[in-house]
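> Once you've had a glance at the structure underneath, I'll fire off some questions.
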Amino acid sequence: MLDLSLACMHHLLILALFGLLLSEFLLLKPGMDALDIQRLSRLDLMYGTLAGLLLVVGLCRAIFATKGWDYYSHNAYFWAKLGTFLLISFLSIPPTRAIVRWRRSGASPDASAVRSVRRLFHYELALFVLLPIFAAAMARGYGEFR
């Protein structure tokens, strides 16, 4: 039952995380007002919180679920998935800092600042596509090494 619970939680969190990332991307546009920036800030806080929770649940799944750490630790796709997730996390730092800066200033960001942050969101969304691909390969036993 623990295996199923962790798997369900893991899948729901990844879907929610993608939804939040896409929502942030769609809300981010030139000419945002203070209310838009406040919404963006709340979405970004939820995104960061869910990303942390997803990492914890994913690691619990790898350690405590049916297949166990021995299965995951010897799988290249597991490490590719984890590395991609961490890369997405690092790419999300500059947008978060920009959003916090915009919220604190109370001023609408200029078009070039918005363009720069949107570019990082593009990279995050593109990399996000790899996560289910790596997960599917990993779940089917591809990428095993010993």
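Read-outs throughout are calculated quantities, based only on the coordinates presented, and are distinct from any laboratory measurement. In this text, all values refer to a predicted model and were calculated from it rather than measured experimentally. A quick note on method: Cβ atoms are made from the backbone with ideal geometry, for glycine too, and the neighbour counts reach across all protein chains shown.
> Sort 59-67, 46-54 by packing, meaning the average of other beta carbons within 10 Å per residue, with the highest value first.
Values: 59-67: 14.8, 46-54: 16.6.
Final packing ranking: 46-54, 59-67.
> Mind listing the long-range amide H neighbours of residue 75? Cut-off is under 5 Å, sequence gap 5 or more, other chains count too, H placed in the peptide plane at 1.01 Å from N.
It is 145, by chain and number.
> Counting other beta carbons within 10 Å of each residue's own, what order do 90, 25, 85 fall into, fewest first? All intermediate terms of the calculation are to be shown ahead of the outcome.
Details: 90 10, 25 18, 85 21.
Going from least to most buried by this count: 90, 25, 85.
> Where in the chain are the DSSP H helices whose C-alpha atoms run 27 Å or more along the long axis and whose mean Kyte hydropathy is at least 1.0?
Sorted by number, the helices that extend far enough and score high enough are 2-27, 34-64.
> If you don't mind, another one. May I ask you to list the residues of segment 34-56 whose amide nitrogen lies under 20 Å from a point 7 Å from Cα along the Cα→beta-carbon direction of residue 103?
34-54
> Using a 10 Å cut-off around each Cβ, can you sort 70, 3, 44 from fewest to most neighbouring Cβ atoms?
Least crowded to most crowded, the residues run 70, 3, 44.
> Now for a different question. Which parts of segment 95-122 would a label at residue 35 reach, counting a residue when its backbone N lies under 16 Å from a point 7 Å out along Cα-to-Cβ?
Zone members listed by number: 108.
> So, one more: With a/c under 1.5 counting as rounded, go ahead and sort the chain into rounded, prolate or oblate using the C-alpha gyration tensor (a ≥ b ≥ c being the square roots of the eigenvalues; past the cut-off, prolate if a/b is larger than b/c, else oblate).
On the way: a/c = 3.15, a/b = 2.26, b/c = 1.40.
Taking the square roots of the gyration eigenvalues as a ≥ b ≥ c, the chain is prolate.
> Hey, another quick one. For the residues 81, 29, what sequence is obtained by ranking on other C-beta atoms within 10 Å, fewest first?
Neighbour counts put them in this order, fewest first: 29, 81.
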